[in-house]
Amino acid sequence: MADLTLTTFDWVPEMLRGLVRDLRVRWALEEARLPYRVHSVPFGDRGPEHFAHQPFGQVPWLTDGDISIFESGAILLHLGELSPALMPADPRGRSEVTKWVFAALNSVEMASLPWAMFKFMGEPESKFLDGFLEIRLKHLEQVLTEREWLAGSFSVADILMSDVLRPVDRFDGLAGHSACRDYLARATARPAFAKAHADQMAHFAAADRSR
């Protein structure tokens, strides 16, 4: 295995800290106990090298030797290939994890992200966004009532799904969805999450001192 380097911003506004998506990658790396380094790029001046790795000027991206991967879902699937702590080795187990990775990103986050953004910006409530999110949570609630983790054992699918739910819970959007709320509590109680979250917060706090 080549050196793993996670690239994120050198600084972000305080309201975004704890929510930048490099947290998902840090969490997975901590769960798998894979050694890695963190590299920073400027938040305000995104040059050609940044766009060469991330065409939309976002973070994170991961380099694994001469491989560069952007999009958190793609990164987590790549890391799943490196550790059975993140994804089972058998084809059926891998298929279960993969489908729930895409469900987190395409079915749930499609509804949760715009809803949370409206809340962050203090915009008037949107009946459409409220209804869209409620539909997704209703179906997820049925799934999580019957299982501890999405694909059997804890996996990258749970890292993604729980991180998708975190901003919703921040604005009490999981009220009335006890299985979703309990699932999120189980996930974020894991030591690897606590370490990843603390490391991200410390990373941006250190940038404050140098500005």
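What follows draws every value from the coordinates through simple rules; no lab data is involved. Remember, it's a predicted structure, so these values are computed and weren't measured experimentally. As a convention, Cβ positions derive from the backbone with ideal geometry for all residues, glycine included, and neighbour counts pool all protein chains shown.
Would you confirm, using the coordinates I've provided, whether LEU140 is in contact (Cβ under 8 Å) with a residue 12 or more places away in the chain, within 13 Å of the chain's Cα centre (by Cα) and assigned to a helix (DSSP H, G or I)? No, not satisfied. Is one or more of the residues making up the stretch 164-171 out of contact with any helix residue (DSSP H, G or I) (no Cβ under 8 Å at 6 or more places or on another chain) and not β-branched (Val, Ile, Thr)? Checking the stretch 164-171: not a single residue is out of contact with any helix residue (DSSP H, G or I) (no Cβ under 8 Å at 6 or more places or on another chain) and not β-branched (Val, Ile, Thr). Restricting attention to the stretch 81-108, which residues are crowded, with 21+ Cβ neighbours inside 10 Å and out of contact with any Pro (no Cβ under 9 Å at 6 or more places or on another chain)? Residues satisfying the conditions are LEU86, MET87, TRP100, VAL101, ALA104, VAL108.
Considered as a group, the residues in the stretch 22-38 that are basic (Lys, Arg) and buried (at least 18 other Cβ atoms within 10 Å of the Cβ) include one that is nearest to SER155 (Cα to Cα), and that residue is ARG24. Filter the stretch 140-193 down to the residues that are basic (Lys, Arg) and surrounded by fewer than 16 Cβ atoms within 10 Å (Cβ to Cβ) and list them by number. Listed by number, the residues that qualify are ARG147, ARG170, ARG186. For the stretch 32-64, residues that are basic (Lys, Arg) and touching a residue at least 40 places away in the same chain (Cβ under 8 Å) total 1.
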